[in-house]
Amino acid sequence: MARSVRKTMIVTSPTRISGLVLTFLGLAFIIAVLSNAWASGVSFSDFSAFNEFLWANRFNIGLGIQFELVYFIIAGAVTILLGVSLLARRTERVEEVTVITEDVTATLECTVCGYRWKEIFSETQLDSMGFPRNRKISRRKCPACGRFTRPKIVKVRAPRTF
Ligand SMILES: [Zn+2]
């Protein structure tokens, strides 16, 4: 009957890429501030001195807008957290199910005159008609005698085999 083919695809979602970008951006912020502090001769082991440096120094981002360096550290940390949380998301697995229905040639027989002819059905169609329990199909006109009849399926043949 109908066969289904399962294919699992691993999708690199755009969230992974933006996660990486955000993480590196945040790291760049922090590294910029740290190298700035290091260049100014601030000892990292002395937390209060470092803290003071962060609050005392401003960074001009242009147009007369200045931020204390501490905000860069906060912004950097938030950006890293955001990036890491995006990266932590599970890689999306998309399962693609393709259902292949095969066409079969059914030989039909008119119940009035006994004339036989062939028609193509899909296997799902045959299934829904209740074949093979039910061998009679829906009413149609017999091409020989012209009567409306419910022909009988006398033979089913798959035109191609896999
Ligand atoms: Zn007929």
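The values are calculated or read from the model by the stated rules, or taken from the named source; none is laboratory data. Small disclaimer: the values here were computed from a predicted structure and weren't measured. All Cβ positions, even for glycine, are placed from backbone atoms using ideal geometry, and neighbour counts span all protein chains on display.
Every test in (1) surrounded by 13 or more Cβ atoms within 10 Å (Cβ to Cβ); (2) more than 16 Å from the ligand (Cβ to nearest atom); (3) among the hydrophobic types (A, V, I, L, M, F, W, C) is passed by residue 153 save one, and that test is (2).
One residue is enough: does segment 129-140 have a residue meeting the conditions modelled with pLDDT of 85 or more and touching a Ser or Thr at 6+ places or on another chain (Cβ under 6 Å)? No, segment 129-140 contains no residue that is modelled with pLDDT of 85 or more and touching a Ser or Thr at 6+ places or on another chain (Cβ under 6 Å). State whether the residues of segment 42-62 include one that is under 28 Å from residue 88 (Cα atoms) and either assigned to a helix (DSSP H, G or I) or in contact with a Leu (Cβ under 8 Å, 6 or more places away or on another chain) (or both). Scanning segment 42-62 turns up no residue that is under 28 Å from residue 88 (Cα atoms) and either assigned to a helix (DSSP H, G or I) or in contact with a Leu (Cβ under 8 Å, 6 or more places away or on another chain) (or both).
Yes or no, residue by residue, for (1) surrounded by 13 or more Cβ atoms within 10 Å (Cβ to Cβ); (2) at pLDDT below 85; (3) polar (S, T, N, Q):
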{"position": "80", "(1), (2), (3)": "yes, no, no"}
{"position": "87", "(1), (2), (3)": "yes, yes, no"}
{"position": "90", "(1), (2), (3)": "no, yes, no"}
{"position": "98", "(1), (2), (3)": "no, yes, yes"}
{"position": "105", "(1), (2), (3)": "yes, no, yes"}
{"position": "109", "(1), (2), (3)": "yes, no, no"}
{"position": "117", "(1), (2), (3)": "yes, no, no"}
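Within segment 128-150, which residues are away from the ligand (no atom under 12 Å from the Cβ) and surrounded by 14 or more Cβ atoms within 10 Å (Cβ to Cβ)? Quick ask: steps written out before the conclusion?
Initially, segment 128-150 is screened for residues away from the ligand (no atom under 12 Å from the Cβ), giving 128-139.
Of everything in segment 128-150, those that are away from the ligand (no atom under 12 Å from the Cβ) and surrounded by 14 or more Cβ atoms within 10 Å (Cβ to Cβ) turn out to be 129, 131, 135, 136, 137.
Residue selection: residue 72 satisfies the criterion of being of a type in the set (Phe, Trp, Tyr), in contact (Cβ under 8 Å) with a residue 24 or more places away in the chain and surrounded by 12 or more Cβ atoms within 10 Å (Cβ to Cβ).
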